[in-house]
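One structure below.
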Amino acid sequence: MTDEKHTTRAHEPGTRTGNDRPLARKVIGKLRKSGRGRVVQFDAVAAGRANAEKLQETVASRDALAALHPAHAAYVYAQNQLSVMAEQFTALEEMARFVKIISEAEDEYMPSGPPMSPLTTSYFTCWALFDVSVGLARETLATTAIAVGAACGMSEELQRLMGSMQRSRMGIYVHEGTDGDAIVLRELVTDAVCRAINPSGYPGRAGELWYVRVLPPPLPGSEHVVFTTPYLLVEPDLREWQAYFRRTLPDAPHEERISRYEQHMKQGPARNYWTEFVHEAYVNHRAEVIFLAGLPDIAESRPHSRLNDRERRLE
């Protein structure tokens with residue numbers, strides 16, 4: 001089976017040149033000024049060494065990475081380094097908009113995974129790093145970190161992995177069975193097919209609908225990676241989700257429709273559109289999978305929507 005790669009649109013964050021990122025330029029300029037011409041604060045991070053001992057304690061150890069599938073380990077390491085960098089420069093006043101958006105979302109959703117919250121740490125961290133954008137250039141914490149890293153000598157390989165993560169998005173996939181140790185997933189709207197490993201351990205079964213973030217193969221010959229704990233869409237069925245996308249996406253030529261779909265899945269019509277959906281659609285969970293019900297545009301279909309909560313209080 002030949003995998004179909006996810007398409008990458010030129011307007012997406014992560015595909016712009018450095019000159020198109022005004023926020024990143026400000027951060028680099030400020031760091032260079034404070035370091036008398038060098039971005040000294042991130043030298044150690046860019047080289048993969050401990051920069052701030054407390055922060056680097058959050059990075060997976062060599063032994064921990066060795067225990068993971070190589071494709072998964074590559075992305076875990078890249079995300080760890082992104083998180084360390086983002087934590088360091090969110091203290092700058094230029095990053096205040098990110099801090100406000102993400103802090104408010106943390107207070108609202110308390111992301112930690114069930115039973116505390118249906119938003120898992122992996123889901124929320126990816127959303128905060130790669131999807132929350134500000135300004136006309138739609139810069140993210142990740143695009144800023146990549147630009148800063150490039151300015152201070154980060155390896156091209158690490159930049160490449162971070163760029164793949166930045167260009168990623170959640171998607172809705174049909175489970176089409178297994179192929180060896182991999183799960184075959186077909187994206188509902190794009191029809192792109194991939195063989196993916198699922199580190200959560202949930203194998204699923206053919207016909208299921210998954211809401212997940214699938215990353216492209218990080219290494220030559222490796223599989224795609226399901227990077228978030230799968231959200232299993234238990235209801236409604238495939239036809240209702242197809243109807244949802246017919247309502248949501250424009251009746252346009254194929255390429256334009258795919259582009260609109262990718263944008264819809266990455267950022268939605270509102271910043272908290274998909275985080276709110278997960279929060280309100282929660283039904284149940286197991287350690288390796290979370291069950292959701294309902295549609296994003298029909299409030300009464302989601303078990304914990306504000307509409308349903310209000311009606312329950314009135315009963």
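Key figures for this structure:
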| quantity | calculated |
| --- | --- |
| Verdict on A145 being farther than 20 Å from T229 by Cα and open to solvent by 10 Å² or more (accessible area, probe 1.4 Å) | no |
| Matching option when the condition is open to solvent by 20 Å² or more (accessible area, probe 1.4 Å), aliphatic (A, V, I, L, M) and over 30 Å from A73 (Cβ atoms), among A293, A287, A270, A281 | A270 |
| Within segment 156-188, tally of residues that are free of Cβ contacts under 8 Å to residues at least 40 places away in the same chain and over 24 Å from L209 (Cβ atoms) | 4 |
| Condition check for I197: in contact with a helix residue (DSSP H, G or I) (Cβ under 8 Å, 6 or more places away or on another chain) and open to solvent by less than 10 Å² (accessible area, probe 1.4 Å) | no |
| Any hit, segment 209-216, residues being among the hydrophobic types (A, V, I, L, M, F, W, C), in contact with a strand residue (DSSP E or B) (Cβ under 6 Å, 6 or more places away or on another chain), in a loop (DSSP other than H, G, I, E, B) and touching a residue at least 40 places away in the same chain (Cβ under 8 Å) | no |
| Residue list for segment 235-254, filter: closer than 28 Å to N284 by Cα and open to solvent by less than 40 Å² (accessible area, probe 1.4 Å) | P236, W241, A243, Y244, F245 |
| Residue among L233, L215, L185, L219 that is touching a Leu at 6+ places or on another chain (Cβ under 6 Å) and among the aliphatic types (A, V, I, L, M) | L233 |
| Among the candidates C126, C152, residue that is in contact with a strand residue (DSSP E or B) (Cβ under 8 Å, 6 or more places away or on another chain), buried (at least 16 other Cβ atoms within 10 Å of the Cβ) and at negative phi | C126 |
| Residue satisfying all of: in segment 155-174; at pLDDT 95 or above and of a type in the set (S, T, Y); surrounded by the most Cβ atoms within 10 Å (Cβ to Cβ) among these | Y173 |
| Scope segment 78-96; condition in contact (Cβ under 8 Å) with a residue 60 or more places away in the chain and open to solvent by 30 Å² or more (accessible area, probe 1.4 Å); matching residues | L92, E94 |
| Yes/no for G113 being of a type in the set (G, A, S) and touching an Asp or Glu at 6+ places or on another chain (Cβ under 9 Å) | no |
| Residue in segment 97-123 that is most open to solvent (accessible area, probe 1.4 Å), counting only those that are within 16 Å of Y282 (Cα to Cα) and among the hydroxyl-bearing types (S, T, Y) | T121 |
| Selected residue (only one of G221, G207 is farther than 19 Å from Y75 by Cα, of a type outside the set (D, E, K, R) and open to solvent by 50 Å² or more (accessible area, probe 1.4 Å)) | G207 |
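Quick grid of which residues meet (1) small (G, A, S); (2) under 27 Å from I197 (Cβ atoms); (3) touching a Gly at 6+ places or on another chain (Cβ under 8 Å):
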{"position": "R239", "(1), (2), (3)": "no, no, no"}
{"position": "R286", "(1), (2), (3)": "no, yes, no"}
{"position": "I298", "(1), (2), (3)": "no, no, no"}
{"position": "P303", "(1), (2), (3)": "no, no, yes"}
{"position": "R306", "(1), (2), (3)": "no, no, no"}
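The values are calculated or read from the model by the stated rules, or taken from the named source; none is laboratory data. Quick caveat, the model's predicted, so the values are computed rather than measured. Because the Cβ atoms are built from the backbone with ideal geometry, glycine has one as well, and the counts that use them run over all protein chains shown. SASA here: full protein model, heavy atoms, side chains in, ligands and nucleic acids out. Shrake-Rupley method; radii C 1.70, N 1.55, O 1.52, S 1.80 Å.
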